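Report on one structure; see the data block that follows.
Bear in mind that the values in this text are calculations on the coordinates, not laboratory data. Everything numeric in this text was worked out from a predicted model, so none of it was measured. Ideal geometry is used to build each Cβ from the backbone, glycine not excepted, and the neighbour counts take in all protein chains shown.
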Amino acid sequence: MQELKGLYVIADAACIGTDNILRKTDEVLSAGVKIIQYRDKVSTQIARCKIAEKLRKLTQDYNCLLLINDDAQLAVTVEADGVHLGKDDISIKDARSCLGKDKIIGASCYANYVNAQPAIQASVDYIAFGSFFPSPTKPDSPRANIELLQQAKRDYKIPVCAIGGITHQNAPSLLAAGADMIAVISAVFNASSPSQAVQEYLSLH
């Protein structure tokens, strides 16, 4: 399995627009992204499946991991590499039963460290904390502090992802605190040049 490290780009249909998601994802993949999550809260199930199938083909062409947000069954259907789960989604245990032992499961721990241990005990492959900075995608998210990353790296052996309002200017502080992955949405996809934005992040690692 590819290492869970570096830039983690979230292709959010609400942020990018369903008409642009494939074209813009192709652009960021061509710039060197190796981990993509497909998040879609706006399309129908049929439309999500069609987009996910095309993203699976794209990510395979670029040797990139594809994770599906929330929907373990969709991840199975399109043979994605895994799923990312939030607190209101299918349980980690049920997702593991659905996906099998070799697929990736990530879990949002938000800004609360106590969410990490049960997720790890349930066999997730990485945990995510955020929002570390004001986020245009989730402006009302509770703010996470950098000590969460430091404590997680001390206590656990699995990769830790940081998310929320991360730019290439503020990302170094999170990397220095131990973040294995930096998750971004609008800072890449809404940039005037998404491929240049990717290169700026990749140069930090």
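A viscosity of 1.567 mPa s and a temperature of 4 °C, combined with the Kirkwood radius over Cα pairs in Stokes-Einstein, give a translational diffusion coefficient for the stretch 109-176 of 106 µm²/s.
Of the GluC sites (Glu not before Pro) in the stretch 23-117, the ones in a loop by DSSP (not H, G, I, E or B) with at most 14 other beta carbons within 10 Å are Glu79.
When only Cα pairs under 8 Å and 6 or more residues apart are kept, what is the percent relative contact order across the chain?
In percent, rounded to a whole number, it is 21.
Of the trypsin sites (Lys or Arg not before Pro) found in the stretch 1-76, the ones in coil according to DSSP and having at most 10 other Cβ atoms within 10 Å of their Cβ are Lys41.
Calculate how many DSSP beta bridges within the stretch 6-202 are antiparallel, expressed in % of all such bridges and rounded to the nearest 5. Just about 0 percent of them are antiparallel. Here the Karplus relation 6.51 cos²θ - 1.76 cosθ + 1.60, evaluated at θ = phi - 60°, turns the backbone of the stretch 165-180 into coupling constants of x, 7, 10, 6, 7, 9, 4, x, 5, 6, 5, 5, 7, x, 4, 7 Hz, with x for every Gly and Pro. The P(r) of the stretch 6-202 has a tail past 30 Å containing 13 percent of all C-alpha pairs. Karplus-based coupling profile of the stretch 15-23, in residue order and whole Hz: 7, 8, x, 4, 6, 9, 4, 6, 4, with θ = phi - 60° in 6.51 cos²θ - 1.76 cosθ + 1.60 and x standing for Gly or Pro. Per-residue ellipticity at 222 nm, computed for the chain from helices alone with -39500 (n - 2.57) per DSSP H run of at least four residues, works out to -10500 deg cm²/dmol. For Gly6, the residues whose amide H sits under 5 Å from its own are Met181, Ile182, ignoring neighbours fewer than 5 places away on the same chain, with H placed 1.01 Å from N. Residues whose amide H comes within less than 5 Å of that of Gln37, counting only those at least five positions distant or on another chain, are Val9, Ile10, Ala11, Leu67 (H built at 1.01 Å from N in the peptide plane).
For the stretch 1-64, relative contact order (Cα pairs under 8 Å, six or more residues apart, normalised by length) works out to 41 percent. Extent of the stretch 1-110 along its three principal axes (Cα atoms, max minus min coordinate, largest first): 35, 31, 27 Å.
The phi torsions of the stretch 45-60, fed into the Karplus equation with coefficients 6.51, -1.76 and 1.60 and a -60° offset, translate into couplings of 4, 5, 5, 4, 5, 5, 5, 4, 4, 5, 5, 4, 5, 4, 5, 5 Hz, rounded to whole numbers, with Gly and Pro shown as x.
Note on the chain: dipole from Cβ charges, positive end direction compared against Thr59, Gln117, Ala107; the farthest Cα belongs to Gln117.
Qualifying trypsin sites (Lys or Arg not before Pro) in the stretch 122-199, where qualification requires a DSSP coil assignment and no more than 15 other C-beta atoms within 10 Å, comprise Arg143, Lys157.
Amide H to amide H distances under 5 Å link Asp125 with Ile105, Gly106, where only residues 5 or more positions off or on other chains count and H is placed in the peptide plane. Taken as Cα centroids, the stretch 44-99 and the stretch 170-205 sit 23 Å apart, rounded to the nearest whole angstrom.
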